[in-house]
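Data block below; observations after.
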Number of protein chains: 2
Amino acid sequence: MLVDQPGRRLSRRHLLLGGAAAGIGAVGAVGIELATNARPQVVAQPLNGTQTVPFYGVHQAGIDTVPQSNATIIALDLAPTTDAAALRRLMKVLTSDAARLSQGEAALADSEPELAVAPARLTVTFGFGPGLVALAGGTAPTWLRPLPAFGVDRLDPAWGDGDLLLQIAADDALTVAHATRMLLKDSRSFGTVRWVQTGFRRAPGSVKTGTTMRNLFGQVDGTVNFVPGTPDFERLVWGAASNPGWMLGGTGFVLRRIAMGLDKWDKLDRSGREASVGRTLSNGAPLTGTNETDAPDFAAKTAIGFPVIPEFSHLRRARSENPDERILRRGYNYDDAPTGGSVSNSGLLFVSFQADIDAQFVPIQRRIDALDLLNVWITPIGSAVFAIPPGCATGGYIGDTLF
Amino acid sequence: MLVDQPGRRLSRRHLLLGGAAAGIGAVGAVGIELATNARPQVVAQPLNGTQTVPFYGVHQAGIDTVPQSNATIIALDLAPTTDAAALRRLMKVLTSDAARLSQGEAALADSEPELAVAPARLTVTFGFGPGLVALAGGTAPTWLRPLPAFGVDRLDPAWGDGDLLLQIAADDALTVAHATRMLLKDSRSFGTVRWVQTGFRRAPGSVKTGTTMRNLFGQVDGTVNFVPGTPDFERLVWGAASNPGWMLGGTGFVLRRIAMGLDKWDKLDRSGREASVGRTLSNGAPLTGTNETDAPDFAAKTAIGFPVIPEFSHLRRARSENPDERILRRGYNYDDAPTGGSVSNSGLLFVSFQADIDAQFVPIQRRIDALDLLNVWITPIGSAVFAIPPGCATGGYIGDTLF
């Protein structure tokens with residue numbers, strides 16, 4: 001066998017290492033084991049591929065999960081023949097297979113079960129578009145509709161909207177490919193693929209755990225972000241009193257496909273780039289600070305009286321005085337094949353989760369739209385909004401609070 | 001800084017671990033260190049991202065290199081204005097930047113130097129098409145031309161041929177994306193992108209080191225392969241007396257884009273699948289054996305007198321009686337977005353290296369073309385042949401033996 005059920009083989013190691021990813025902590029545990037034994041033992045590293053994220057729970061996985069290196073995000077259009085009963089069947093099958101695959105088990109009718117052996121922290125997150133909620137006879141959250149038009153948008157409908165969202169993410173591209181195929185096979189008689197967007201971050205172990213991602217402009221991207229488990233996270237990601245009851249434990253999903261004009265960006269010098277963002281390129285520190293997580297000093301002035309962090313900078317425009325206007329960012333880079341004479345076809349799959357899109361995401365985007373120098377180099381070309389229903393218990397299915 | 005030059009920080013660990021990837025061997029070394037010290041020490045894992053493959057040498061890297069998880073393969077068409085002198089300038093710049101990036105250094109005019117910090121075993125391998133060799137005024141190897149037409153081919157010229165090949169591979173997609181962009185920027189005034197093909201294997205650490213890859217049919221793919229450093233490898237990959245002198249230390253490159261009809265494949269039961277390949281799906285063993293690397297017994301018969309490994313099986317058709325008809329395989333899976341009503345757009349970037357394509361690759365492909373049951377489910381849709389020049393010394397450039 002390809003992997004010979006490493007999860008089981010490694011069970012003793014998993015106990016020793018607490019099932020944790022390899023890293024300082026894990027190696028520390030190795031040291032402890034060695035210290036308590038007369039002779040040193042060879043303890044193999046647990047494989048990244050055997051790591052799993054629980055599927056069942058109050059919330060869906062893939063939201064507060066540390067972002068995996070690879071993601072494929074898919075929107076389906078439901079077929080006209082798919083009614084509420086069919087939709088329920090579909091969600092039961094998808095839930096069951098997503099749960100199995102996330103634990104390294106083959107899908108129920110898996111045609112290539114040998115590809116399921118390395119879950120690599122696979123998560124599958126489902127979202128519902130307005131059409132699906134209507135079909136299910138449910139009440140939609142007020143914000144479940146296309147975002148308002150922004151001046152910077154150059155939206156291609158080919159990258160927008162949809163009825164059913166699948167966000168499939170893992171630390172291994174083959175795992176994502178196999179899960180994608182199994183779930184699309186489950187779906188094929190219920191709907192068609194509207195769009196597929198694939199993105200990446202650094203591979204597991206490429207850089208230190210906890211390093212903020214960089215986008216293809218080279219910028220540290222996503223410094224200010226929610227920390228799961230904090231009270232604000234509970235309230236602003238999972239909770240919104242205004243959401244309908246079936247959304248309890250769910251959240252709102254925004255995907256913006258943002259084309260990045262790398263050629264134009266490359267014409268800008270480093271100080272211009274840093275001014276446009278308000279952060280240094282070297283480590284992402286605010287221009288008034290030293291370290292990435294230093295609080296920006298918006299009042300600081302240069303010797304000649306201009307703000308150190310310019311008024312037009314992304315950092316200033318994206319930041320709100322209102323602490324409720326915050327979002328959980330979980331984006332990915334994309335780099336598709338350049339066409340024609342172009343040298344790149346690259347950008348960011350900006351993904352954010354927030355309980356109330358109108359109250360949290362839209363005000364930020366309005367400020368960026370009105371004045372943000374970064375708009376010179378970036379162009380939103382796709383936009384999609386979905387309601388992420390809560391997780392479900394074993395035996396339940398995603399959407400069981402709705403229909 | 002993003003990574004804070006971990007390569008330098010980890011130098012003591014690199015010494016301890018021999019610069020090797022984490023694995024049994026490395027952990028063994030940790031054990032030794034611990035055994036020779038009074039108190040156990042915490043030894044952090046070297047990051048995958050800091051690992052490098054030497055660029056300069058007798059041969060180009062990326063051929064006998066253990067395949068990285070991500071590869072982007074690009075063909076350029078040279079501009080009509082690019083003459084031999086310009087070509088030399090281009091290869092000097094590309095060589096210099098590929099060498100720098102492979103060692104985790106920014107390209108010479110790197111616009112996003114912060115993206116260069118995690119080389120993650122980056123290799124860049126250059127290849128020359130017939131047009132480039134002619135432009136350089138060199139003698140082409142006899143096999144440097146499109147492959148003969150095969151009956152199974154349904155070739156799309158959009159995936160074929162080209163003047164200059166770049167195979168960019170690393171264990172991190174962001175590293176590949178950055179290197180791709182830097183090298184395409186170097187090239188843009190000399191030519192245009194003809195095609196880009198992107199593929200993947202399992203992520204580093206997903207499965208045990210040395211595990212043969214699986215393709216998207218779930219098959220173990222590439223069991224019989226050359227082992228670098230063996231006499232046959234020297235002769236059949238690096239050496240061919242019939243190649244022109246400038247190719248000494250070089251090899252031949254074949255890329256076949258092979259679409260895999262996953263839907264059709266899924267209709268076949270497991271025994272049918274195993275018969276079509278001649279190997280088990282569970283571990284890739286020949287149908288006459290137990291383990292993946294067991295030698296197939298082509299004479300073995302079933303109880304009713306049929307060969308256990310069918311005459312039409314891929315294993316039998318791809319195998320030659322002539323030991324010189326062998327190739328070094330180094331392929332990648334691809335999984336592009338499905339279009340229209342399809343559920344997948346997937347396949348294999350079949351890549352092989354061999355000193356003499358006519359003598360080694362073509363006979364194998366002829367046998368497969370004539371009779372190989374696998375042809376029912378796979379379709380070559382792209383085909384490209386390039387001459388891979390030798391490596392170069394520090395200060396030299398790839399192609400300096402040619403022009």
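The values are calculated or read from the model by the stated rules, or taken from the named source; none is laboratory data. Keep in mind that this is a model prediction, so the values were computed, not measured. Every residue, glycine among them, receives a Cβ derived from its backbone with ideal geometry; neighbour counts consider all protein chains shown. Calculation scope for accessible area: heavy atoms of the full protein, side chains included, ligands and nucleic acids excluded. Shrake-Rupley method; radii C 1.70, N 1.55, O 1.52, S 1.80 Å.
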### Residue tally, condition hydroxyl-bearing (Ser, Thr, Tyr) and within 19 Å of residue B:98 (Cβ to Cβ), over the range B:170-218
5
### Task
Name the single residue, out of those in the range B:176-196 being more than 8 Å from chain A (Cβ to nearest Cβ) and either part of a strand (DSSP E or B) or at pLDDT below 90 (or both), that is surrounded by the fewest Cβ atoms within 10 Å (Cβ to Cβ).
B:194
### Query
Looking at this structure, is residue B:259 farther than 30 Å from residue A:181 by Cβ, among the hydrophobic types (A, V, I, L, M, F, W, C) and open to solvent by 20 Å² or more (accessible area, probe 1.4 Å)?
no
### Query
Applying the selection to the range A:294-317, what residues are in contact with an Asp or Glu (Cβ under 6 Å, 6 or more places away or on another chain) and either within 16 Å of residue A:280 (Cα to Cα) or not charged (D, E, K, R) (or both)?
A:314
#### Entry: Lone unmet requirement of (1) open to solvent by 40 Å² or more (accessible area, probe 1.4 Å); (2) within 14 Å of another protein chain (Cβ to nearest Cβ); (3) among the polar types (S, T, N, Q) for residue B:142
(2)
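From B:221, B:266, B:297, which residue is touching a Ser or Thr at 6+ places or on another chain (Cβ under 6 Å) and closer than 23 Å to residue A:115 by Cβ? Talk me through it step by step, then tell me what you get.
Values: B:221 fails: touching a Ser or Thr at 6+ places or on another chain (Cβ under 6 Å); B:297 fails: closer than 23 Å to residue A:115 by Cβ.
Just one listed residue meets the conditions, B:266.
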### Query
So which of A:279, A:367, A:316, A:329 is over 22 Å from the mean Cα position of the chain (by Cα) and within 19 Å of residue A:143 (Cβ to Cβ)?
A:367
### Task
Inspect all residues belonging to the range A:238-253 and state whether any of them is more than 10 Å from every other protein chain (Cβ to nearest Cβ) and more than 25 Å from residue A:145 (Cβ to Cβ).
no
## Note on the structure
With criteria (1) more than 27 Å from the chain's Cα centre (by Cα); (2) within 30 Å of residue A:179 (Cβ to Cβ); (3) more than 14 Å from chain A (Cβ to nearest Cβ), residue B:268 comes up short on (3)
### Query
What residue, among those in the range B:352-403 that are aromatic (Phe, Trp, Tyr) and not in a loop (DSSP other than H, G, I, E, B), is surrounded by the fewest Cβ atoms within 10 Å (Cβ to Cβ)?
B:361
### Message
Let me spell it out: the conditions are (1) of a type in the set (Gly, Ala, Ser); (2) out of contact with any Pro (no Cβ under 8 Å at 6 or more places or on another chain); (3) at pLDDT 85 or above; (4) surrounded by 18 or more Cβ atoms within 10 Å (Cβ to Cβ), and residue A:303 meets all of them except one. Which number is the exception?
### Response
(4)
### Query
Of everything in the range A:197-235 that's at positive phi and at the interface with chain B (Cβ under 7 Å from one of its Cβ atoms), which residue is most open to solvent (accessible area, probe 1.4 Å)?
A:205
### Query
Hey, residue B:315 hits all of (1) part of a helix (DSSP H, G or I); (2) more than 21 Å from residue B:326 (Cβ to Cβ) but one; which does it fall short on?
(2)
#### Entry: Output for the range A:320-338, where each listed residue is in a loop (DSSP other than H, G, I, E, B), surrounded by 18 or more Cβ atoms within 10 Å (Cβ to Cβ) and not aliphatic (A, V, I, L, M)
A:325, A:326, A:330, A:331, A:338
### Message
Just checking, does the range B:280-299 include any residue being within 14 Å of chain A (Cβ to nearest Cβ), more than 30 Å from residue B:133 (Cβ to Cβ) and outside any loop (DSSP other than H, G, I, E, B)?
### Response
no
### Query
For the range B:102-141, what are the residues that are among the polar types (S, T, N, Q), outside any helix (DSSP H, G or I) and under 20 Å from the mean Cα position of the chain (by Cα)?
B:103, B:123, B:125
### Message
Please determine whether any residue of the range B:202-216 is at pLDDT below 85 and within 18 Å of the chain's Cα centre (by Cα).
### Response
yes
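From the list A:155, A:164, which residue is open to solvent by 20 Å² or more (accessible area, probe 1.4 Å), at pLDDT 90 or above and of a type outside the set (Asp, Glu)?
On the way: A:164 fails: open to solvent by 20 Å² or more (accessible area, probe 1.4 Å).
After applying the criteria, what remains is A:155.
Within the group A:341, A:272, which residue is part of a helix (DSSP H, G or I) and surrounded by fewer than 17 Cβ atoms within 10 Å (Cβ to Cβ)? Steps first, answer last, please.
Details: A:341 fails: part of a helix (DSSP H, G or I).
None of the others qualify; the one that does is A:272.
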#### Entry: Sole residue being among the acidic types (Asp, Glu) and closer than 28 Å to residue B:247 by Cβ, chosen from B:77, B:110
B:77
### Task
Quick one: residue A:119 ticks every box in (1) crowded, with 18+ Cβ neighbours inside 10 Å; (2) on the phi > 0 side of the Ramachandran plot except a single one, so which number is it?
(2)
### Task
Determine the pairs where a residue that is within 15 Å of residue B:263 (Cα to Cα), located within the range B:330-353, has a partner that is small (Gly, Ala, Ser) and in a strand (DSSP E or B) with Cβ atoms under 6 Å apart, the partner being 6 or more residues away or on another chain.
B:335/B:346; B:347/B:259
### Summary
Flagged pairs (Cβ under 6 angstrom, 6 or more apart or on separate chains; first in the range B:244-262, modelled with pLDDT of 95 or more; second open to solvent by 20 Å² or more (accessible area, probe 1.4 Å) and of a type in the set (S, T, N, Q)) are B:244/B:139; B:246/B:401; B:259/B:379
